[in-house]
Amino acid sequence: NTAFFQQKFILFVGKETLEQYSEEERRILHVDFLMQKREVEFGYCCKHPSEGTCDMLGQNMCADCPKLITGLKFLPKWKSMYSSVCSEIKALEELYDKNGITMQEYTSFREYAKLSKCREKYENVLKAIQGMEVNDGV
């Protein structure tokens, strides 16, 4: 079983990411992953502790973080987030329309632009995960 879990870990994290860690740090990271200590809301975080917090890195969304490892297990959460942001956008569009604000105007509004960017990021993650699902069946 050890060889299987070692191969799964290397596949899961990636050789490029593992090269950032010393041998001892890789061992600890492997244990963390096996024990699911590095699990975050939308996947597993493989950020090196020396990199600091996500806020320090200017990273405030897991959706576009290159250090996030996600997959089918987290698909329901991603779908929920995507659905939620789509609902928020729809509500804003209805509000803008009701108040006579044109699409040309409101697409530049900060709130609308932020939600649109979130929707795009979530959609990209969903496509990637669902693409994995399709490829796994091949």
Practice item. Working only within the range 89-115, note down all residues that are loosely packed, with under 15 Cβ neighbours inside 10 Å and either in contact (Cβ under 8 Å) with a residue 60 or more places away in the chain or under 22 Å from Trp78 (Cα atoms) (or both). Key: Lys90, Ala91, Glu111, Ala113, Lys114
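Residue-wise test of (1) among the basic types (Lys, Arg); (2) under 20 Å from Phe42 (Cα atoms).
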| position | (1), (2) |
| --- | --- |
| Leu68 | no, yes |
| Ser83 | no, yes |
| Lys90 | yes, no |
| Asn99 | no, no |
| Ser116 | no, yes |
| Tyr122 | no, yes |
| Gln130 | no, yes |
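With more than 17 Å from Leu11 (Cα to Cα), at pLDDT 80 or above and among the aliphatic types (A, V, I, L, M) as the only criterion, which of Met103, Met61 stands out? Talk me through it step by step, then tell me what you get.
On the way: Met61 fails: at pLDDT 80 or above.
Matching residue, one of Met103, Met61: Met103.
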**Study point:** Criterion: at pLDDT 80 or above, open to solvent by 80 Å² or more (accessible area, probe 1.4 Å) and within 20 Å of the chain's Cα centre (by Cα) - qualifying residue of Pro76, Pro49
**Key:** Pro76
Check your understanding: For the range 64-73, how many residues meet the condition of being surrounded by 15 or more Cβ atoms within 10 Å (Cβ to Cβ) and modelled with pLDDT under 85?
Key -> 5
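Looking at the range 14-43, which of the residues that are aliphatic (A, V, I, L, M) and out of contact with any Phe, Trp or Tyr (no Cβ under 7 Å at 6 or more places or on another chain) is least open to solvent (accessible area, probe 1.4 Å)? Break it down stepwise before answering.
Within the range 14-43, the subset aliphatic (A, V, I, L, M) is 18, 28-29, 31, 34-35, 40.
Right, trim to out of contact with any Phe, Trp or Tyr (no Cβ under 7 Å at 6 or more places or on another chain) and you get 18, 28, 31, 35, 40.
Numbers: Leu18: 16, Ile28: 78, Val31: 64, Met35: 128, Val40: 52 Å².
Ranking the candidates gives Leu18 first.
The values are calculated or read from the model by the stated rules, or taken from the named source; none is laboratory data. In this text the structure is predicted, and so the values were computed from the model without any measurement. Cβ: placed from backbone, ideal geometry, glycine included. Neighbour counts: every protein chain shown. Each accessible area value is taken on the protein alone, full model and side chains, heavy atoms only, with ligands, DNA and RNA left out. Shrake-Rupley method; radii C 1.70, N 1.55, O 1.52, S 1.80 Å.
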